[in-house]
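The values are calculated or read from the model by the stated rules, or taken from the named source; none is laboratory data. Values in this document were obtained by computation on a predicted structure and should not be read as measured data. Heads up, the Cβs are rebuilt from the backbone with ideal geometry, glycines too, and the neighbour counts pull from every protein chain shown.
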Amino acid sequence: MAIQPESDYSFESHLAEVLSRYVDTPNPRLKEIMEALTQHLLTFAHEVKLTRDEWLAGLDFLTKTGQKSDELRLEMMLLSDLLGLSALIDIIESADDLGDATDATLLGPFYVEDAPERSPGESIVVAEDNSERLRVRGRVTSTSGEPIEDATIEVWQNGQDGLYPIQDLDRFPIEHLRGTYRSGQDGEYEMLCVRPVDYPVPMDGPPGDMLRAVDREGMRAAHLHFLVKAQGHRPLVTEVFDTQSSRLNTDVVFGVRPSLIRTPELGADGLLETTFDVVLAPS
């Protein structure tokens, strides 16, 4: 494209020139994504008449967010969650015809791979925590109703103080409040954890600054995280929410799904318990 005189250089001509640079992209899906991203990004800047100072502040914000991240603190993931992007990805994925599969929701920024193996009914509490204990039982089945044996069920959660162990490894061993269980022959599983509580997302980084700037509360609704995998089935990232939470309608990362809310009740042994059956879609 020939360089235009500055007086003729409109937004439309600039957008067209930038988009033209992707015409030879060999990967069609990448071409589609880059063209759409470029069009929306440049249109946004044009629409709000973004100033140079605002643009520089945005670049600084993203740079500092990345600098705050490490292998255990996923600040960019947190930012995606707070902007509703992570929840939207779940909604898009759920638009596939997955039958009666359990609703998916956020992985969150506190997932750590290789949670320790736990035997059926074993507690994930390995450090002092005065929270009320909660037993969770359920079955893992396929959308056809068949039980799935030997599915792996990873679970992780925060403690009574609102922190995940990886947020304070000086106080907690990394295996605290984390575990991997396996479903039995009939798809059944059982675990012992603590009753979840509402908790604040990290507010000491740029995403926290963003929440304060727009006067948003940084609280998550009480939940347990689940990652369930089984051969021949799509992995499922989901959460179990507690009806005692006061943030079910205001969860800061938009993660609550009505189908995932449970009301724990006292079991025969006086321990709180609830049932959470998991249905996996075929891969």
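Tabulated data
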| read-out | value |
| --- | --- |
| Scan of segment 199-241 for residues that are small (Gly, Ala, Ser) and part of a loop (DSSP other than H, G, I, E, B), ordered by number | Gly205, Gly218, Ala221, Ala222, Ala230, Gly232 |
| Single unsatisfied condition, Asp81 versus (1) among the acidic types (Asp, Glu); (2) surrounded by fewer than 14 Cβ atoms within 10 Å (Cβ to Cβ); (3) under 20 Å from Arg220 (Cβ atoms) | (2) |
| Positions within segment 97-109 being touching a Lys or Arg at 6+ places or on another chain (Cβ under 9 Å) and not aliphatic (A, V, I, L, M), in sequence order | Asp103, Thr105, Gly108, Pro109 |
| Counted residues, segment 44-101 - those being aromatic (Phe, Trp, Tyr) and either more than 22 Å from the chain's Cα centre (by Cα) or assigned by TED's automatic domain parsing to the domain that holds Val140 (or both) | 2 |
| Residues located in segment 165-217, provided they are over 20 Å from Ser69 (Cα atoms), among the basic types (Lys, Arg) and at pLDDT 95 or above | Arg178, Arg182, Arg195, Arg216 |
| Subset of segment 75-131 that is hydroxyl-bearing (Ser, Thr, Tyr) and in a loop (DSSP other than H, G, I, E, B) - its residue that is farthest from Val279 (Cα to Cα) | Ser131 |
| Any pair with Cβ under 8 angstrom, 6 or more apart, that starts in segment 260-280 at a residue that is over 16 Å from His223 (Cα atoms) and in contact (Cβ under 8 Å) with a residue 12 or more places away in the chain and ends at one that is buried (at least 19 other Cβ atoms within 10 Å of the Cβ) and hydroxyl-bearing (Ser, Thr, Tyr) | Val279/Thr102; Val279/Thr141; Val279/Ser142; Leu280/Thr102; Leu280/Thr141; Leu280/Ser142 |
| Count of residues meeting criterion [free of Cβ contacts under 8 Å to residues at least 24 places away in the same chain and either part of a strand (DSSP E or B) or closer than 19 Å to Val194 by Cα (or both)] in segment 242-258 | 1 |
| Some residue of segment 181-193 being farther than 18 Å from Asp277 by Cα and assigned by TED's automatic domain parsing to the domain that holds Thr152 | no |
| Candidates Ala36, Ala45, Ala115 - the one that is modelled with pLDDT of 95 or more and touching a Gly at 6+ places or on another chain (Cβ under 6 Å) | Ala115 |
| Number of positions in segment 23-40 that are assigned to a helix (DSSP H, G or I) and either of a type outside the set (Gly, Ala, Ser) or surrounded by 13 or more Cβ atoms within 10 Å (Cβ to Cβ) (or both) | 12 |
| Number of positions in segment 41-56 that are surrounded by 11 or more Cβ atoms within 10 Å (Cβ to Cβ) and within 27 Å of Glu75 (Cα to Cα) | 7 |
| Residue in segment 159-177 that is farther than 30 Å from Leu59 by Cα, assigned to a strand (DSSP E or B), touching a residue at least 60 places away in the same chain (Cβ under 8 Å) and within 20 Å of the chain's Cα centre (by Cα) present | no |
| Selection within segment 243-268 - more than 19 Å from Arg139 (Cα to Cα) and of a type in the set (Asp, Glu) | Asp251 |
| Conditions (1) more than 27 Å from Ala281 (Cα to Cα); (2) surrounded by 14 or more Cβ atoms within 10 Å (Cβ to Cβ); (3) not polar (S, T, N, Q); number of the one not met by Ala151 | (1) |
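Let's see how each residue does on (1) aliphatic (A, V, I, L, M); (2) buried (at least 18 other Cβ atoms within 10 Å of the Cβ):
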position	(1), (2)
Asn158	no, yes
Arg171	no, no
Arg182	no, no
Pro200	no, no
Met203	yes, no
Asp215	no, no
Val228	yes, yes
